[in-house]
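The values are calculated or read from the model by the stated rules, or taken from the named source; none is laboratory data. None of the values given here were measured: they were computed from a predicted structure. Backbone-built Cβ (ideal geometry, glycine too); neighbour counts: all protein chains shown. When the accessible area is computed, the model is the full protein with side chains, heavy atoms only, and any ligands, DNA or RNA have been set aside. Shrake-Rupley method; radii C 1.70, N 1.55, O 1.52, S 1.80 Å.
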Amino acid sequence: MAPPRKVIITCAVTGSIHTPSMSPHLPITAEQIADAAIGAAEAGAAIVHLHARDPDTGQPDQSPEAFAPFLKVIKQRSDVVVNITTGGSQTMTIDERLRPAVAYKPEIASLNMGTMNFGLYPMLQRYKELGGWERDYLEGTRNGFFRNTLGDIEHILRSCADFETRFEVECYDIGHLYTLSHFADRGLIKPPFLIQSVFGILGGIGGHEEDVLHMKRTADRLFGSDFEWSVLGAGAAQLRIGAISVALGGNVRVGLEDSLWLGRGRLATSNAEQVHAARRMIESQGLEVASPDEARELLQLKGADRVAF
């Protein structure tokens, strides 16, 4: 009998979507982000996807100096794979978003595959008490957009090429898979690809089961066996869409970046709590959770000894 398949859990511990007033459990300070990442790893996450924030205001902060304190602590206390965002937030320039990945040369960095509407402003109807930068930040997504031009993507790929960082390729719509195929055909990104399909962001593909199936079928047709597929479902769709992915042979991403919740009306008290829920779902299907080293082997990563933090 063949051994059970290993499923990679990625945990995105804070992100730049949710604001501090939405949940008291959202990690903000470097210490909180480090503790959240280590807790997620101990719960079963093989990869942690990391953003930084201003510790006083909670605003997204993409300065390398903001990442340094928690990167060092995570590496000292865990063997988890560290994934540094190049997405940052839509208010930042491409060069601002790229700086931490260039400075720290991680095993993985995230990479968005297309310019898109990225509407967060509907959350203002749920969180009516928000004010200050939080309200302005969310309201700005009504008329703004998330820039990821073809030139921007090429710039990020070339900037990271010399230190062999691989990418969590974030695909918010079907066309983003074709963009990945374009850069793969040009030899600017090489397999195995970690394709992170994102469902439920206003401006991208929806969260219907048929949307998930369509994304997987298209990736299969374009990339064959040259990729590991993972999904994230925004908000309440997180575990439902994760379960579909696992059933289809894929992997799953959870974390407070993507959803603040663990069930209807119940805030998740930690990232680890969501990882535990994902692990139970995976193991209920007779599968096993991949360790960090197993994820490194599946994704052909360079190893934690070759990062710059």
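Grab the other residues whose beta carbon is less than 15 angstrom from that of Arg279, score K and R as +1, D and E as -1, and report the net.
Neighbour charge sum, excluding Arg279 itself: -1.
Taking all protein chains together and a probe of 1.4 Å, list Ser110, Ser225 from the most accessible to the least accessible.
Ser225, Ser110
Rounded to the nearest 5, what is the percent of antiparallel bridges among the DSSP beta bridges in the range 1-90?
Of those bridges, close to 10 percent are antiparallel.
Under a 1.4 angstrom probe, counting protein chains only, how are Lys72, Lys216 ranked by accessible area, largest first?
Lys72, Lys216
Students often check this: by mean Cβ neighbours within 10 Å, which of 25-32, 144-151 ranks highest, and how do the rest follow?
My ranking of the peptides, most packed first, is 25-32, 144-151.
Where a ≥ b ≥ c are the square roots of the eigenvalues of the C-alpha gyration tensor, would you call the range 1-94 rounded, which needs a/c under 1.5, or, failing that, prolate if a/b is larger than b/c, or oblate?
Judged from the Cα gyration tensor, the range 1-94 comes out prolate (a/c at least 1.5, a/b above b/c).
If amide hydrogens are placed 1.01 Å from N in the peptide plane, which non-local residues have theirs closer than 5 Å to the one on Asp61?
HN-HN under 5 Å from Asp61: Ala52, Arg53, Asp54.
Using a Förster radius of 22 Å, what is the FRET efficiency between Thr91 and Tyr127 based on their Cβ-Cβ separation? Nearest 0.05, please.
Result of the calculation: an efficiency of 0.70.
So if each residue of separation counts as 0.36 nm, and I subtract the Cα-Cα distance between Arg158 and Tyr178, what length gain in nm does that give?
5.3 nm
Rounded to the nearest 0.05, what FRET efficiency do Arg5 and Lys190 have when you use their Cβ-Cβ distance and R0 = 22 Å?
0.40
Would you mind calculating the gained length between His208 and Ala247 on full extension (0.36 nm times residue separation, minus the Cα-Cα distance), in nm to one decimal?
Length gained, His208 through Ala247: 12.5 nm.
Rounded, prolate or oblate, given the Cα gyration tensor of the range 61-195, with a/c below 1.5 counting as rounded?
Judged from the Cα gyration tensor, the range 61-195 comes out oblate (a/c at least 1.5, b/c at or above a/b).
With both bridge residues required to lie in the chain, what share of the DSSP beta bridges run antiparallel, to the nearest 5%?
10
For the range 223-268, which trypsin sites (Lys or Arg not before Pro) are both in a DSSP coil and crowded by at most 13 other Cβ atoms within 10 Å?
Here the sparse-neighbourhood loop sites are Arg264, Arg266.
Given a cut-off of 25 Å, what percent of all Cα-Cα pairs of the range 185-304 lie beyond it?
Beyond 25 Å sits 26 percent of the P(r) for the range 185-304.
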